[in-house]
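Undergrad: My questions will all concern the structure given below.
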Number of protein chains: 2
Amino acid sequence: MTQFSFSLNATDGKARQGVIQMPRGEIRTPAFMPVGTAATVKAMLPESVAATGADILLGNTYHLMLRPTAERIERLGGLHKFMNWYKPILTDSGGFQVMSLSSLRKMSEEGVTFKSHIDGSKHHLSPERSMEIQRMLGSDIVMCFDECTPFPAEEKVSLESMRMSMRWAERSRAAFGDRPGYALFGIQQGSIFSEQRAESAEKLKEIGFDGYAIGGLAVGEGQATMFDVLDYAPDMLPADKPRYLMGVGKPDDIVGAVARGIDMMDCVLPSRSGRTGQVFTRHGVVNIKNARHQDDPRPLDEECTCPACSNYSRAYLHHVFRAQEMISGMLLTWHNLHYYQELMQGMRDAIQENRFDAFQKTFFSQRTEGDIEPL
Amino acid sequence: MTQFSFSLNATDGKARQGVIQMPRGEIRTPAFMPVGTAATVKAMLPESVAATGADILLGNTYHLMLRPTAERIERLGGLHKFMNWYKPILTDSGGFQVMSLSSLRKMSEEGVTFKSHIDGSKHHLSPERSMEIQRMLGSDIVMCFDECTPFPAEEKVSLESMRMSMRWAERSRAAFGDRPGYALFGIQQGSIFSEQRAESAEKLKEIGFDGYAIGGLAVGEGQATMFDVLDYAPDMLPADKPRYLMGVGKPDDIVGAVARGIDMMDCVLPSRSGRTGQVFTRHGVVNIKNARHQDDPRPLDEECTCPACSNYSRAYLHHVFRAQEMISGMLLTWHNLHYYQELMQGMRDAIQENRFDAFQKTFFSQRTEGDIEPL
């Protein structure tokens, strides 16, 4: 049986190109993971998500534990079978969304109790319970239960939060146990404080994980501050394990993160934007609702091979968006996920061919600010 | 170039199995036409609609003339190219929806003026304008502009309405002109009055059309009354031309209509029901929102080969419906359209093999009233 392994094929500066091997399939890195919050990548069939080139999905523990519940998914044969996605799945720990979505939270060293945003029912999460839920879901890559330190945070507040997350990381590791073929990732915290990031990284390495995430970023600090942290934080993590930047991001965030040594990312942006009419292209963002698209016979991007660009004009996409037809969200989400995966493939190729600097130059020179009229 | 033609392969009692040949493809009859109101069959990609077995779609003139407008669709190369559906399209005349959706209508012998339900803008429809719009759309089968007589109607009111529709049918025929490869269908009116249905049929035959529709049914009269009319009305229409029953219906309506000599039908029911969680199966209706499906690992119908039944449990479909995920409408619409097309194929096969009575017996004996727990 294939166990979890990570190997690097090439590096170019700090950028890395590698592959994660797992029983359910391989994950080419740098990898972008579409988000399938409630056992579906919104507006997409899973075979369409796979067709965009995604090797792995992210599922949200918080949403799934509330509805349909982890117990039910386990009884039904696990999340892969439930949602008809048989490639790897990474689940978050639930901690981040408890803080952003639930109400009446009570946090202690032990864990957190909270009320469901769906029906107000009372629930509990702790390192042990999060590991149990992620096991019941059948998640391939399990994330430690941690506290995502809010931004901005006082240095002392961040330090206490980070140290609690490290104690929770130890408990997560112990609760996860030995599960061949499944992986557990630790999460570095420490906000924007390099000494705290270093302490967190040391503690995680001491515990030992299959991969290491950078948490506490993409929470409102802005790209410049995020890149400041990414200039040093990834280097603190083991070079021979995958590095996962959680919740990132826009296309330029992603390119900048890969340039700084990140191997994995996830974000709702391409799918959420697809539903709100914001389209990502090589040339920048197209807001399809703008009236100037209403007579435009051209595709979103003439070089794109996704179904939206192959078969439909901007005029059509504008029309179905304005008419609030479901096909609008379906096609624009497909395009955005296709664009993201093509971007990842472009970076993987560039790193392998030692031309990642040139790739970045082209990437940034093609882009225009604001709603664009490409080509 | 293939012109419009209709030929019968077999009859069984009054039921007929045939084929319409048109430049954009053939239509196997009895045919069910999914409705693509605003240049999309809601929640479906057109290639998925084709995969269910649909040979032809229906488009709504009223919706398309208001948004994105027929002029715009013509400039963009026609409705087929616009919506990426290259098989035949039938468009209605707009008359029915003007009466059901628009406001501030003013009807005269000349035609009808009305205000858009979208933005209140003023518009006009007449036999001549309806023919012009349907030509700009590039519709393969064009419907005469008529008044769908409301139900119930006094005999005198129905007679006057029918006779105006017949004058409009003459004007539609004249305005349509000679368009090789395109077809114009007349529409019989006369409510539930057999003498009026006969007079309408005679008038339509005198004018001469490529096909004949039965209008003014499925407007609240109930199945028994509709079948009473269908016991005689189709026989009044030419046997060598297709007969189209507009706006029908539930699966048992469809089987009963075919038994009475109908060749074509259309209805929003399978697609609309797909979005509201009502599922059609051989055994009857499944309401997927019911809690009893939440732990059910079985598909909607174990013998169905659609993507929803092949890949997902009822528990999953229940979950995504409750979570209001778009994949719910996507999968359930696909299933319903697949079911409808399979029903049509089953009837075509049965008629060809002279066993349509047995087909009907099996069809009705399998069905249960209310939300069912099949298998």
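The values are calculated or read from the model by the stated rules, or taken from the named source; none is laboratory data. These numbers come from a predicted model, not from an experiment. Note that we place each Cβ from the backbone using ideal geometry, even for glycine, and neighbour counts take in every protein chain shown. Side chains included, ligands, DNA and RNA excluded: accessible areas come from the protein's heavy atoms. Shrake-Rupley method; radii C 1.70, N 1.55, O 1.52, S 1.80 Å.
Undergrad: So what is Rg over Rh here for chain A, counting just Cα atoms and using Kirkwood for Rh?
TA: Radius of gyration over Kirkwood radius for chain A works out to 0.96.
Undergrad: Have a look at the stretch B:1-46 and report residues whose accessible surface goes down by 20 Å² or more when the remaining protein chains are included, against the chain on its own, probe 1.4 Å, ligands and DNA/RNA excluded.
TA: Correct list: B:38, B:40, B:42, B:43, B:45.
Undergrad: Past 18 Å, Cα to Cα: identify those pairs from A:87/A:205; A:87/B:289; B:87/B:250; B:42/B:115; B:14/B:241; B:14/B:205, in the order given.
TA: A:87/A:205; A:87/B:289; B:87/B:250; B:42/B:115; B:14/B:205
Undergrad: Take the alpha carbon gyration tensor of the stretch A:99-188, find the square roots of its eigenvalues, order them as a ≥ b ≥ c, and report rounded if a/c is under 1.5; if not, report prolate when a/b exceeds b/c, else oblate.
TA: Working: a/c = 2.10, a/b = 1.17, b/c = 1.79.
Because a/c hits 1.5 or more and a/b fails to exceed b/c, the stretch A:99-188 counts as oblate.
Undergrad: Taking only protein heavy atoms and a 1.4 Å probe, what accessible area per residue, in Å², does the stretch B:143-185 have with all protein chains in place?
TA: 45 Å²
Undergrad: Check each of the chymotrypsin sites (Phe, Trp or Tyr not before Pro) in the stretch B:84-193 and keep only those in coil by DSSP with at most 12 other C-beta atoms within 10 angstrom; list them in order. Before the final figure, lay out each step's value.
TA: On the way: sites: B:85, B:86, B:96, B:114, B:145, B:168, B:176, B:182, B:185, B:193; in loops: B:85, B:86, B:145, B:182, B:193.
In loop regions of the stretch B:84-193 (DSSP not H, G, I, E or B), the sparsely surrounded chymotrypsin sites (Phe, Trp or Tyr not before Pro) are B:86.
Undergrad: Would you be so kind as to identify which of A:261, B:118, A:56 lies farthest towards the positive end of the dipole of the protein assembly as shown, taking Lys and Arg as +1 and Asp and Glu as -1 on Cβ and the Cα centre as origin?
TA: With unit charges placed on the Cβ atoms, the residue in question is B:118.
Undergrad: Could you report the accessible area of residue A:155 in Å², rounded to 10, computed with a 1.4 Å probe on the protein chains as they sit in the structure?
TA: The accessible area comes out at roughly 100 Å².
Undergrad: How large a share of the accessible area of the stretch A:1-93, in percent, is made up of carbon and sulfur atoms when the probe is 1.4 Å and the other protein chains stay in place?
TA: Taking all protein chains in place, the stretch A:1-93 shows 49 percent carbon and sulfur surface.
Undergrad: Could you give, in nm with one decimal, how far residue B:310 is from each other copy of that position, shortest first, with labels 7 Å out from Cα toward Cβ?
TA: 1.7
Undergrad: Put a point 7 Å out from Cα along the line to Cβ at residue B:368; what are the distances to that point in the other copies, in nm, shortest first?
TA: Nearest to farthest, the other copies are at 6.0 nm.
Undergrad: Compute the orientation-averaged projected area for the stretch A:274-369 from the convex hull of its Cα atoms and round it to one decimal in nm².
TA: 6.0 nm²
Undergrad: Carbon and sulfur atoms: what percent of the 1.4 Å accessible area of the stretch B:274-369 do they account for? All intermediate terms of the calculation are to be shown ahead of the outcome.
TA: Values: 1740 of 3860 Å².
Of the solvent-accessible surface of the stretch B:274-369, carbon and sulfur hold 45 percent.
Undergrad: Accessible area per residue, 1.4 Å probe, Å², for the stretch B:223-365: what's the number?
TA: Solvent-accessible surface per residue comes out at 34 Å².
Undergrad: Averaged over its residues, how many other protein chain Cβ atoms are within 10 Å of peptide B:317-330's Cβ atoms? Could the numbers behind the result be given before it?
TA: Numbers: counts 0, 1, 12, 5, 0, 4, 10, 1, 8, 10, 13, 1, 2, 8.
Whole-number average of other-chain Cβ neighbours for B:317-330 is 5.
Undergrad: Which of the residues in the stretch B:51-72 show a loss of at least 30 Å² in accessible area from their chain by itself to the complete set of protein chains, at a probe of 1.4 Å?
TA: Buried-area filter returns B:67, B:72.
Undergrad: Now, a different point. What order, most packed first, do the peptides B:220-232, A:268-280 have when packing is the mean number of other Cβ atoms within 10 Å of each residue?
TA: The peptides rank, most packed first, as A:268-280, B:220-232.
Undergrad: Nearest to the axis that maps chain A onto chain B: list the chain A residue whose Cβ wins, with the distance in whole angstrom.
TA: For chain A, the closest residue to the axis carrying it onto B is A:326, 3.
Undergrad: Note the buried accessible area between B and A here, summed over both chains, with a 1.4 Å probe, in Å² to the nearest 100.
TA: Chains B and A together bury roughly 3200 Å² of accessible area.
Undergrad: Evaluate the Debye formula for the protein assembly as shown with equal point scatterers sitting on the alpha carbons, no solvent, and hand back log10 of I(q)/I(0) at q = 0.06, 0.09 Å⁻¹, in q order, two decimals.
TA: Listed by q, the Debye log ratios stand at -0.45, -0.87.
Undergrad: Can you sort B:282, A:135 by solvent-accessible area, 1.4 Å probe, largest first?
TA: So, going from the largest accessible area down, we get A:135, B:282.
Undergrad: State, to one decimal in nm and shortest first, how far the label point of residue A:152 sits from each corresponding label point in the other identical copies (label point: 7 angstrom along Cα-to-Cβ).
TA: 7.7
Undergrad: Further question: Do you know the relative contact order of the stretch B:5-267, to the nearest whole percent, from alpha carbon pairs under 8 angstrom that are 6+ apart?
TA: Rounded, it is 18 percent for the stretch B:5-267.
Undergrad: Compare B:122, B:203 by solvent-accessible area with a 1.4 Å probe and give them largest first, with all protein chains kept in place. Walk me through the numbers before you get to the answer.
TA: On the way: B:122 155, B:203 50 Å².
The most accessible residue leads, giving B:122, B:203.
Undergrad: In addition: How many percent of DSSP beta bridges within the protein assembly as shown run antiparallel, rounded to 5?
TA: Close to 50 percent.
Undergrad: Once you keep just the Cα pairs under 8 angstrom separated by 6 or more residues, what percentage relative contact order results for the stretch A:1-131?
TA: The normalised contact order for the stretch A:1-131 reaches 16 percent.
Undergrad: Next question, about the same structure. Of the heavy-atom accessible surface of the stretch B:173-227 (probe 1.4 angstrom), what whole percent is carbon and sulfur?
TA: Roughly 50 percent, rounded to a whole number.
Undergrad: Just to make sure I understand: if all protein chains stay in place, what is the order of B:305, B:69 by accessible area at 1.4 Å, largest first?
TA: Details: B:305 95, B:69 40 Å².
Descending accessible area places them as B:305, B:69.
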